[in-house]
Structures are given as structure tokens and as C-alpha cells.
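What follows is one structure encoded as C-alpha cells, with my remarks underneath.
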Amino acid sequence: MAAVMLLAILSARYRRDRHVFIESKDVVSGIVRVLSGRLQKQEESLDALKQTMHSVLKTQEEQQARLQRITEYIAESMDLERRLIGALGRVAGKVNQLMSGSAIKEKAEPLERLPTEAYLASIETALSKLTPTELKVIQLLAVEGPLPSPNIGRTVGKSREHTARLMKRLYEQGYVDRETAKIPYWYKLNEKVRNALEKRKEDKAKQKVKEQAQEKRIA
């Protein structure tokens, strides 16, 4: 009898434990399915995010390349505009000289073909119109040779902005040449101006020697 009761009790516990196990298994399976679904959605979201980031990065690279091309185009356009302004300025200066009667007539030879005396006279006239600071720059380049704009500004005691405007004006008027291959720009004295200055210096030295000789003869 006792054995039968014990068997009945064990059988009841087994059925109860089995029922609990089945219910737990179903709960765990449901949790696993939910978590798996969430994980899959997160993976899909992550893939979508990666694709979006890749597209954004590609777009940024394209925009940067486009911006760089635009910047280079603007820089080239500005340089061409500066050259055009300089050429127009020189033409305007010659027209003003023609109108004032101080220039050579229309049928005269170009400036580079003029006799040395006529060319020197034109240089003397042009130099007489320069400001003291501009003359100081001309003398500096004549002595030191090509220099970058910051060095010129420090030597003449002018700010970067003032020096930039000053050198642009001298370049447009033909007193100096500019090298734009690197930043900051380098400037050098125009070769024709340099030759004219050297010729003027030689003439002054000869004149001084001549005057000294005359003074000795008088003494």
C-alpha cells in the first residue's frame, strides 16, 4: 500500500514538473524569438546606417573635389583679371600721356625700341610720380633682387594688407614682375626698369667725374 502511494506521489510530481518544464521552455523560446527578431532588426538598421554613411562620405569627397576645382578656377580667373587690369592700366597711362602731349606720337617706335635717352627720360618721368614708399621698394628690389611680399613689407615698415596693395599697384604699372607659382608672391624689378636705373647710375657717376675734373681745372 505504501509503495502504491509513493508511486502515485512520484507520478504526480513528475507530471507537475513536466508541465512546468514545458511552460518554461515555451517562455524561453518566446524570449529567444523576440530577442532574435530585435537583433535582426538592429543588424538591418546597422547595415542601412553603414550604407548611409558611405553615401554621405562619398558625397562629401565629391563636394570637396568640386570645391577645390572651383577654388582653382577662381584663383586662375583672379590672376587673369589682375593681368588684364594691369594691361588696361598701362594702356590708360599711355592714352593719358598721348592726350597731354607728353607722350611720343602715334607713329613713334614702341617703348622698348626707343633710343636709350628717350627711354631713360620716360623712366625718369614715371619714377618721379612714385611715392616715397614706392621708391623705397624699387630701390630695395634693385639692391636685394627678388623678394617675397612679407619681406618687402617688413623692410618698408608696412602691414601685409598695405604691402599687398602697394605691390599690386607697382605690378600693374609695370615697375615690377611677379612670380605666382608659390604663395606668398615673389616680386622682382622689371628688367627694363633695372637697366634704366643702372644706366642712370652710370650717367650720374660719369657726370660727377666730369664735374670733379672741371673743378680741378678751374682750381
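Since every read-out is calculated from the coordinates, none of them should be taken as a lab result. These figures come from a predicted structure and were not determined experimentally. Note: ideal-geometry Cβ built from the backbone for every residue, glycine included; neighbour counts use all protein chains shown.
Taking 16 Å as the cut-off, the amide N atoms of region 139-177 that come nearer than this to a point 7 Å along the Cα-to-beta-carbon line of residue 195 belong to 175-177.
Among the listed pairs 158/199; 158/206; 136/182; 182/204, a Cα-Cα separation exceeding 32 Å is found for 158/206; 182/204.
On full extension of the chain, what length is gained from residue 68 through residue 205, given 0.36 nm per residue of separation minus the C-alpha to C-alpha distance?
The span from residue 68 to residue 205 would gain 43.9 nm if fully extended.
Footprinting exposure proxy ranking of 9, 138, 218, fewest other C-beta atoms within 10 angstrom first, gives 218, 9, 138.
Order of 149, 55 from fewest to most other C-beta atoms within 10 Å?
55, 149
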